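The next block holds one structure in the form of structure tokens; read it before the comments.
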Amino acid sequence: MRIWDLHCHLSGVAGLIPEDRLQNLLRYADRVGIERLCIYMGLKWALDPSPDDLVKQNDEVLRALVKYPDRAFGFVYLSAKHIERSMAELERCVAQGPMVGIKLWVAGRCDSPEIDPLIQRAAELKAVIFQHTWFKTGGNFPGESTPDDLVALARRFPKVPMICGHTGGTWELGIRAIREHKNLYADLAGSDPTAGMTEMAVRELGAHRVIYGSDAGGRSFASQLAKVHGAQISAEDKQLIFCDNLRQLMLPILQQKGIKA
Amino acid sequence: MSEITPILPRRQFIAQAAAAMALPLVFREAAGEPAVPAAGWIDCNAHLGPHPNRDLPPLTTESLTSRGLTEAWVAPLEALLQRDLASVNARHAARCGGPLRAVGVVHPGLPDWQEDLRRCTEEHGMKIIRLYPGYHGYTLDDPSLMKLLEQAAAKNVRVQIVAEMENVRTQHPLLQVKPVDFKPLAAALKHLPELRVMVLNANATMAQTTLRGLDNVWLDIAMIEGVAGVENLLKQWPQDRLVFGSHAPFFYPESSMLKLQESELSEAEIAALKSANARAWLS
């Protein structure tokens, strides 16, 4: 089974410098059969990064990618609160650099039309678009998007594929929220390995809209791989989820950049 | 076990060939080695019965053996909310057997909980009871809990305490239960040095703070997270007091199984985790 991990970070793993942290991620990824990692965000997390923070964190990812260009893909970290600098980072890291996707986290909600220029430009570049989402029982951070917020964005860009990070965490709700929007994909990463998650996602979205990710290093690879390995679905569907769907989303930009994968 | 044995690209397979010798035995089937070690594999943290708000796949003898597990310590999920625990425990005892070891549930806040404990041990032959302070609404400095722990120690009954069943972020809004605060546990155990407690579903932060240094406490790995989580925990937690637990069927059991593959562990550590420590706790 070929496995690509959509959702990894340089935090929560040993190492003083970015390349050492990626090396450690890969060391354990190798033990569980993961071929490639998508990484985003730097050594120190910031819920609401300043423009300079964004640059620093993206620099750290770029530094790690240099050492492992055949094992990791980089996504540029952007903020809905700093559109101008985010646009510049998108140009620097994706248009002119080696990164192949964008990551939007919790600084500002994605239902705001202010982020539309970022999405428009990312789509032009064929970059993979990843938006963190949660439906937290106790309430979200002020700038933290729900799958409903992502649906609002998806309605404005109905032909642009986007990934619903964490499937909204509370996956019974997240899957329902994105079900009717065929340009939205479900990321399985970063919640407890609760039985039934993957089966419901496959049943309601179709296996072609479900993507494996871990949220390592805060999460173990193991607990997140189990969502697919342990699911009562076909081997063909598992292969789609583990690698083929993400690879299909990435192929246009990979080919554009001359990256073989 | 091919379902949980990743098939690697040739490049990675070669790179991992040496490391594979350190893998848990169950994952070596692809290399033609035995899938199940003679010592067995005990899941200390499993459940039977209906969950209050999720439709879970049933845990069965077949589901255990197909994964190479030889024994599971199962408690009744009905006990989370039902108050007639005598009935719950009786029905639970009747449906267990074979590799499914029945674990009873006692709620020290219920009137005459002593009778529940007596029936568990004397009528159903249970050697382990499981406590749900979060769902049953008491703290670990509750005087009734102290009495229960004293009686358990006197009867040589082992006690499992469940730290949490589900992350607070994903709980049903009408069933919100916070993780157990283990700060009072040290004082409770101070007077009961012979009592053996196993905390289920503790996270790494609990292990490194409120549970740290408690000599008669064991942990399971079901909610130990982070890359190489088990390996990292063993740098701070005694190797002889960590056991395999899956939290199945609430969690996919492959989660804990794969944690043993992800972490770099010695053969001795794996053997201890898979069954030796659990047997020692129960003996």
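The values are calculated or read from the model by the stated rules, or taken from the named source; none is laboratory data. None of these values were measured; they are calculated from a predicted model. All Cβ positions, even for glycine, are placed from backbone atoms using ideal geometry, and neighbour counts span all protein chains on display. The area values use the complete protein model at the heavy-atom level, side chains included, leaving out ligands, DNA and RNA. Shrake-Rupley method; radii C 1.70, N 1.55, O 1.52, S 1.80 Å.
Among the candidates A:R203, A:R247, A:R219, which residue alone is open to solvent by 10 Å² or more (accessible area, probe 1.4 Å) and either farther than 25 Å from A:R36 by Cα or at pLDDT below 95 (or both)? Outline the logic, then answer.
Details: A:R247 fails: either farther than 25 Å from A:R36 by Cα or at pLDDT below 95 (or both); A:R219 fails: either farther than 25 Å from A:R36 by Cα or at pLDDT below 95 (or both).
Result of the check over A:R203, A:R247, A:R219: A:R203.
Which one of these is part of a helix (DSSP H, G or I) and open to solvent by 20 Å² or more (accessible area, probe 1.4 Å): A:E180, A:E236? Show your work before the answer.
On the way: A:E180 fails: part of a helix (DSSP H, G or I).
Just a single option satisfies the conditions, and that option is A:E236.
B:M126 versus (1) buried (at least 21 other Cβ atoms within 10 Å of the Cβ); (2) touching a helix residue (DSSP H, G or I) at 6+ places or on another chain (Cβ under 6 Å); (3) closer than 24 Å to B:T209 by Cβ: which is the lone unmet condition?
Of the numbered conditions (1) buried (at least 21 other Cβ atoms within 10 Å of the Cβ); (2) touching a helix residue (DSSP H, G or I) at 6+ places or on another chain (Cβ under 6 Å); (3) closer than 24 Å to B:T209 by Cβ, the odd one out for B:M126 is (3).
Residue check: is B:E150 open to solvent by 20 Å² or more (accessible area, probe 1.4 Å), under 20 Å from B:N53 (Cβ atoms) and not in a strand (DSSP E or B)?
Details: open to solvent by 20 Å² or more (accessible area, probe 1.4 Å): yes; under 20 Å from B:N53 (Cβ atoms): no; not in a strand (DSSP E or B): yes.
Spelling it out, it is not the case that B:E150 is open to solvent by 20 Å² or more (accessible area, probe 1.4 Å), under 20 Å from B:N53 (Cβ atoms) and not in a strand (DSSP E or B).
Any idea which of A:A88, A:A14, A:A29 is within 14 Å of chain B (Cβ to nearest Cβ), free of Cβ contacts under 8 Å to residues at least 24 places away in the same chain and aliphatic (A, V, I, L, M)? Show your work before the answer.
Numbers: A:A88 fails: within 14 Å of chain B (Cβ to nearest Cβ); A:A29 fails: free of Cβ contacts under 8 Å to residues at least 24 places away in the same chain.
Selected residue: A:A14, the only one of A:A88, A:A14, A:A29 that is within 14 Å of chain B (Cβ to nearest Cβ), free of Cβ contacts under 8 Å to residues at least 24 places away in the same chain and aliphatic (A, V, I, L, M).
Whether any residue in the range B:164-185 is in contact with a Leu (Cβ under 6 Å, 6 or more places away or on another chain) and open to solvent by 20 Å² or more (accessible area, probe 1.4 Å) is what I want to check.
Step one: list which residues in the range B:164-185 are in contact with a Leu (Cβ under 6 Å, 6 or more places away or on another chain), which gives B:182, B:184-185.
Next, only the ones that are open to solvent by 20 Å² or more (accessible area, probe 1.4 Å) stay: B:184.
Looking through the range B:164-185, at least one residue is in contact with a Leu (Cβ under 6 Å, 6 or more places away or on another chain) and open to solvent by 20 Å² or more (accessible area, probe 1.4 Å).
Could you identify the single residue in A:E114, A:E124 that is under 21 Å from A:G74 (Cα atoms), of a type outside the set (V, I, T) and surrounded by fewer than 17 Cβ atoms within 10 Å (Cβ to Cβ)? Reasoning before the result, please.
Numbers: A:E114 fails: under 21 Å from A:G74 (Cα atoms).
Sole residue among the options that is under 21 Å from A:G74 (Cα atoms), of a type outside the set (V, I, T) and surrounded by fewer than 17 Cβ atoms within 10 Å (Cβ to Cβ): A:E124.
When you go through (1) part of a loop (DSSP other than H, G, I, E, B); (2) surrounded by 14 or more Cβ atoms within 10 Å (Cβ to Cβ) one by one for B:E194, which number turns out not to apply?
It fails just one condition, (2).
If A:V210 passes every condition in (1) touching a helix residue (DSSP H, G or I) at 6+ places or on another chain (Cβ under 6 Å); (2) surrounded by fewer than 24 Cβ atoms within 10 Å (Cβ to Cβ) but one, which one does it miss?
Of (1) touching a helix residue (DSSP H, G or I) at 6+ places or on another chain (Cβ under 6 Å); (2) surrounded by fewer than 24 Cβ atoms within 10 Å (Cβ to Cβ), only one is false for A:V210: (2).
Output the number of the condition that A:K227 fails; it satisfies all remaining conditions of (1) facing another protein chain (nearest Cβ under 10 Å); (2) more than 21 Å from A:I178 (Cβ to Cβ); (3) out of contact with any Gly (no Cβ under 9 Å at 6 or more places or on another chain).
Here A:K227 meets the rest and fails (2).
Which numbered condition trips up B:L234, out of (1) more than 24 Å from B:P52 (Cβ to Cβ); (2) touching a strand residue (DSSP E or B) at 6+ places or on another chain (Cβ under 8 Å); (3) open to solvent by less than 30 Å² (accessible area, probe 1.4 Å); (4) not small (G, A, S)?
The failed condition is (3).
What helices (runs of 4 or more DSSP H) lie completely within the range B:1-106 and have 1 or more residues being modelled with pLDDT of 50 or more and open to solvent by 60 Å² or more (accessible area, probe 1.4 Å)?
Details: elements: B:10-20, B:61-65, B:85-95.
In the range B:1-106, the matching helices (runs of 4 or more DSSP H) lie at B:61-65, B:85-95.
Do the conditions hold for A:M87, that is, is it surrounded by 18 or more Cβ atoms within 10 Å (Cβ to Cβ), among the hydrophobic types (A, V, I, L, M, F, W, C) and at pLDDT 95 or above? Before the answer, list the steps.
Working: surrounded by 18 or more Cβ atoms within 10 Å (Cβ to Cβ): no; among the hydrophobic types (A, V, I, L, M, F, W, C): yes; at pLDDT 95 or above: yes.
In short, no.
Could you please let me know if B:H136 is touching a His at 6+ places or on another chain (Cβ under 6 Å) and at pLDDT 95 or above?
Numbers: touching a His at 6+ places or on another chain (Cβ under 6 Å): yes; at pLDDT 95 or above: yes.
It is true that B:H136 is touching a His at 6+ places or on another chain (Cβ under 6 Å) and at pLDDT 95 or above.
Pull up the range A:199-218, narrow it to residues that are more than 9 Å from every other protein chain (Cβ to nearest Cβ) and of a type in the set (G, A, S), then point me to the one that is nearest to the chain's Cα centre (by Cα).
A:G213
Given the structure, is B:D181 away from chain A (no Cβ under 14 Å) and at pLDDT below 95? Explain how you work it out, then say what you get.
Working: away from chain A (no Cβ under 14 Å): yes; at pLDDT below 95: no.
Judged against the criteria, B:D181 is not a match.
I'd like to know if the range A:154-174 contains one or more residues that are surrounded by fewer than 22 Cβ atoms within 10 Å (Cβ to Cβ), touching a residue at least 40 places away in the same chain (Cβ under 8 Å), in contact with an Asp or Glu (Cβ under 7 Å, 6 or more places away or on another chain) and not in a loop (DSSP other than H, G, I, E, B).
Yes - at least one qualifying residue is present in the range A:154-174.
Within 19 Å of A:I39 (Cα to Cα) and either without any contact (Cβ under 8 Å) to a residue 40 or more places away in the chain or of a type outside the set (D, E) (or both), is that true of A:I233?
Details: within 19 Å of A:I39 (Cα to Cα): no; either without any contact (Cβ under 8 Å) to a residue 40 or more places away in the chain or of a type outside the set (D, E) (or both): yes.
Against the criterion (within 19 Å of A:I39 (Cα to Cα) and either without any contact (Cβ under 8 Å) to a residue 40 or more places away in the chain or of a type outside the set (D, E) (or both)), A:I233 does not qualify.
Taking only pairs six or more apart or across chains, which ones have beta-carbon atoms under 6 Å, a first residue in the range B:83-101 that is over 15 Å from B:E122 (Cα atoms), and a second residue that is among the charged types (D, E, K, R) and buried (at least 17 other Cβ atoms within 10 Å of the Cβ)?
Hits for this filter: B:L85/B:D116; B:V88/B:E78; B:P99/B:E71.
Examine the range A:176-184 for a residue that is free of Cβ contacts under 8 Å to residues at least 60 places away in the same chain, closer than 29 Å to B:L56 by Cβ and within 9 Å of another protein chain (Cβ to nearest Cβ), and state whether such a residue exists.
No, the range A:176-184 contains no residue that is free of Cβ contacts under 8 Å to residues at least 60 places away in the same chain, closer than 29 Å to B:L56 by Cβ and within 9 Å of another protein chain (Cβ to nearest Cβ).
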